[in-house]
Amino acid sequence: MTAIVLEPPRNDPDQDEITLTVETKDFMDQDHTSLKLEYYHPKSAQYLTPTSMTTKKGSALFMNGELLVDEDAFIVHLHVLISVNFQNQSI
């Protein structure tokens, strides 16, 4: 799944998780679909923390994991998170 970060990460010291708000643009059942997701991971998942804490609004994220749909809720269980910023790269 590819997503765009809508807000800077939230790292509330009273919570055990880091939260990002993202928007995905995917194809589901041959239709273009846009989903706004609240993605979060526990602070104890140290392999995800460096990437999530350095993402900025407008960053592109490549996420590998599981998207679970439960009635009106979308839950993303991440295995890999990669932040990509093409602004400073020459082609």
Selection from region 36-47 of residues that are under 17 Å from PRO13 (Cα atoms) and within 12 Å of the chain's Cα centre (by Cα): TYR40, HIS41
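So, in region 3-35, how many residues would count as being at pLDDT below 85 and either exposed (fewer than 11 other Cβ atoms within 10 Å of the Cβ) or closer than 18 Å to ILE75 by Cβ (or both)? If you could, list the steps in order and put the result at the bottom.
Looking only at region 3-35, we keep the residues that are at pLDDT below 85, and these are 24-35.
This time we only want the ones that are either exposed (fewer than 11 other Cβ atoms within 10 Å of the Cβ) or closer than 18 Å to ILE75 by Cβ (or both), so: 24, 26-35.
Of the residues in region 3-35, 11 are at pLDDT below 85 and either exposed (fewer than 11 other Cβ atoms within 10 Å of the Cβ) or closer than 18 Å to ILE75 by Cβ (or both).
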Quick check on PHE74: is it aromatic (Phe, Trp, Tyr), part of a strand (DSSP E or B), loosely packed, with under 14 Cβ neighbours inside 10 Å and modelled with pLDDT under 80? no
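Select from region 29-55 the residues that are part of a strand (DSSP E or B) and in contact with a Leu (Cβ under 9 Å, 6 or more places away or on another chain) and list them in ascending order. Before the answer, list the steps.
We begin by selecting, within region 29-55, every residue part of a strand (DSSP E or B); these are 31-42.
Result: LEU35, LYS36, LEU37, GLU38, TYR39, TYR40, HIS41, PRO42.
Do you know which residues across region 44-71 are among the small types (Gly, Ala, Ser) and modelled with pLDDT under 80?
Here is the first cut: in region 44-71, the residues among the small types (Gly, Ala, Ser) are 44-45, 52, 58-60, 65.
Once the filter is applied, which keeps residues that are among the small types (Gly, Ala, Ser) and modelled with pLDDT under 80, region 44-71 yields only GLY65.
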Can you tell me which residues in region 12-28 are of a type outside the set (S, T, N, Q), over 12 Å from MET1 (Cα atoms) and either part of a strand (DSSP E or B) or in contact with a His (Cβ under 7 Å, 6 or more places away or on another chain) (or both)? GLU17, ILE18, LEU20
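The values are calculated or read from the model by the stated rules, or taken from the named source; none is laboratory data. In this text the structure is predicted, and so the values were computed from the model without any measurement. Ideal geometry is used to build each Cβ from the backbone, glycine not excepted, and the neighbour counts take in all protein chains shown.
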